[in-house]
Structure formats: C-alpha cells, structure tokens
Amino acid sequence: MVSLLGKTLEELQAVALEAGLPRFAGKQLAEWIYVKRAKSLDEMTNISLKGREALKQKYTIGRHEPVAKAESEDGTKKYLFKTPPVPLSKGERGSESQFIEAVYIPEEDRATLCVSTQAGCKMGCKFCMTGTLGFHGHLPAAEILNQIFSIPESEKLTNIVYMGEGEPMDNIEEVMRSLEAMTAKWGCQWSPHRITVSSVGYPKGLKRFLDESECHLATSLHNPFAIERQQIMPIEKNHPIEGVLELIRGYDWTRQRRLSFEYICFGGQNDTPKHAKELLRLLRGLNCRVNLIRFHAGVDQPFQGSDEQQMIWLRDYLTAHGLTTTIRRSRGEDILAACGMLVNALQKEQ
Ligand code: SF4
C-alpha cells in the first residue's frame, strides 16, 4: 500500500485522476489529509464511494500511532514509532521496519516536537548515542509527517524541530516534501518560521534546503577548530565547517529567517578561552545565535560535560563580544530524550 501522507498537491491530483476522479478531487484529498487530518479514506465523505473504493485498492493515508511512550518528570514525552519497511538508499524499496523516536517538549508558551528524519544516522558523531547505532534507513516524508500528526498532542504543537535521529540534509528529498506539506497553502499552512531544521553541515542537501525553504537553520558546530572538530564529527574531514559557513554566508539572515549554531559543551575540550576566541573569528559578521548545550553523558561515552560556571563564562564572553549566546535548558534527560540521546533498546538489539 502507498501512503497519501507526504504527497504534494500535484501528486494528489494525479492520484485522483488515476482513481477515475476529477482532477479537483486532488485538492479535496489534500484538505482531508493535511487540514482535517483524516485517519482513513472512509472519512472523506465528499469523495464518491466508488472513488474511495478505487483509492483503497492502492492507497492508505499512512497514519499510525506510536507503539510506546516514556514520560519525563519535566513533562517531556518520548514517543516510539514502528515504521513500515524503509529504504537504505534513495529510490530503493524499503526492506525492514525500524523503530524511530520523536520527542514532545511542552513549555509555558510553546509546545515543540523534535522529529527524526532517518532511522539511526550515518554521520557517526562520537558524542551521540544515535550515531553509535549506525544507519538503518531514510524515512519517507509520510513517516516524518506521521510523527507530527499522530502524537496525542499534535493539535497543541506550536513548533517543530528536525533534530531527532538522522541528518536531515542526507535525506533532503523527503525532508523537503515534508516541509512543503507543513507550510504550503494546500497543506498545513504553518509558517516556515515555526520550523527549525538542523544539520552537521552536509553541503549538497543544505544548499537545496537554503534555496527552497524559509525554515530556520540550526548548524551543529561543537568545536571551532577543524582538527578537534574532526575528532568528534567525522563530517569535518570531507566537508569542513569553513566551507559550510561560506555557503551559509551566501544567504540573507537579516530577515525573519533565523540562523543558530548548536554547541554542546565538553569540559576542557571546547569551552576554553582559546575556543571562545576562535568561535568569534569563525562566526564574525554572521547574524546568528549560539546555543550552548550541556552534554549528557551516555553509557560508555568518553566525554564529560562542562560545568555550569564554565558554560556561564562562555556565554557571557561570547555575548560581551557581540555574539548572541544562550544556554539551552536541558529537557527529558531522565528518559534519554535529550539532545544526542535518541536511542532505544529495541534498535540496540537489532
Ligand atoms: Fe547523526 Fe545528529 Fe547524532 Fe551526528 S549528532 S550522529 S548527525 S543524529
């Protein structure tokens, strides 16, 4: 069965014609899927019974509920989804089902969902528990959107961050499809400024994202020195951050679109005055924000988080020198839902 979730208006119009329906039924399908958020074709009462039966021969909506949930003391909830078989290479048919996670983070004035774009990840960042799992497949747009649509708090969401499992720019085709469905007039009609997509700096996908979307960008920096960055982020070897920044500098960050840099603080390894000065040099002239993140040591990880005082010093130093810097509050640590901790027992067993 093929999922309708994740299809564009044009594709839905083609689906309608294929099912013997008029072309305008494509718009009705889009409305049922993205606005009314129908879970089954039977709900689509303005589409003829015959048309719905024809659609059912090949299509489903593609919605499915999470299979498990863990709730943190601070209200953060981690949802586990079982995907249909997902492909290991683009254009391939999927071979195996995977478990993926999405994290719901409620705050006073907002409710954010952190979604996964791949099962596992190829990038192998040394500090990241997801990275240690290896790569298990690209998520189709339907599976990215299903995380947003199928959590119980879906209607409450005010923001979405693409910061879960995977490197979004390595699955750019499906990520762009999901962003289009979320922001298009025929789709969910969200402002792109409510969505942030993260990247370690994978230039090919990043360029397309910057060209074709207005969503915010969060770049994972974590160290301003190439040699040191490469030791914790293998991507630095083939795609140095200096080159990624050159690409980023070619876009307009003075309007509503936001640029931020994520910086996990490792005690003594990237939080010293030498690192602070190099950060200022590297990001000079960019209209951006740096988010300092406390490191959450996972099992078997040879890293230590910075202490609170050092993070405060780093924040104040960078801010005093004109680089807006904040310390991001950590959420969901007790359920392994915080940054770099998206891993689950089921995946580990595979
Ligand atoms: Fe992949 Fe992000 Fe983890 Fe790096 S930090 S291994 S890009 S999920």
Quick check for me: using +1 on Lys/Arg Cβ and -1 on Asp/Glu Cβ, what's the dipole size of the stretch 70-171 about its Cα centre, in debye to the nearest 20? 440
Between the modelled labels at Ala297 and Gln189 (7 Å from Cα along Cα→Cβ) the distance in nm is 5.1
Residues Glu10 and Thr45, FRET efficiency given R0 of 30 Å [Cβ-Cβ distance, rounded to 0.05]: 0.80
Hey, could you get me the Stokes-Einstein D for the stretch 2-60, Kirkwood radius over alpha-carbon pairs, 25 °C and 0.890 mPa s, rounded to whole µm² s⁻¹? 225
Any idea how far apart Asp74 and Lys90 come out in nm if each label point goes 7 Å out from Cα toward Cβ? 3.6
Taking the stretch 96-214, how much of its Cα-Cα pair set, in percent, is spaced more than 23 angstrom apart? 26
Once you compute Rg and the Kirkwood Rh from C-alpha atoms, what is the Rg to Rh ratio for the chain? 0.99
Relative contact order (percent) for the stretch 72-141, with alpha-carbon contacts under 8 angstrom and 6 or more residues of separation? 27
Once the dipole of the chain is set up from charges on Cβ (+1 Lys and Arg, -1 Asp and Glu), the residue from the list Ile312, Phe135, Trp32 lying farthest towards its positive end is Trp32
At what distance in angstrom do the alpha carbon centres of the stretch 91-141 and the stretch 269-299 lie from each other? 24
Size of electric dipole in the chain: Cβ of Lys, Arg +1 and of Asp, Glu -1, about Cα centre, debye, nearest 20: 740
Below 15 Å, Cα to Cα, which aspartates and glutamates can Lys36 reach? Residues fewer than 8 away in the same chain don't count. Glu155
Short version: ³J(HN,Hα) in whole Hz for each residue of the stretch 178-193, in order, from phi by Karplus 6.51 cos²θ - 1.76 cosθ + 1.60 (θ = phi - 60°), x for Gly and Pro, what are they? 5, 5, 5, 4, 6, 10, 5, 4, 7, x, 7, 6, 6, 5, x, 7
If you average the alpha carbon positions of the stretch 230-249 and of the stretch 41-67, how far apart do those two centres end up, in angstrom? 45
Taking neighbour Cβ counts within 10 Å as the exposure measure, how do Trp253, Trp190 sort from fewest upward? Trp253, Trp190
Counting alpha carbon pairs within less than 8 Å and at least 6 residues apart, what relative contact order, in whole percent, applies to the chain? 14
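Laboratory data are not the source of any read-out in this text; all were calculated from the coordinates shown. Note that the structure is a prediction, hence the values are computed from the model and not measured. Virtual Cβ from ideal backbone geometry, glycine too; neighbours counted across all protein chains shown.
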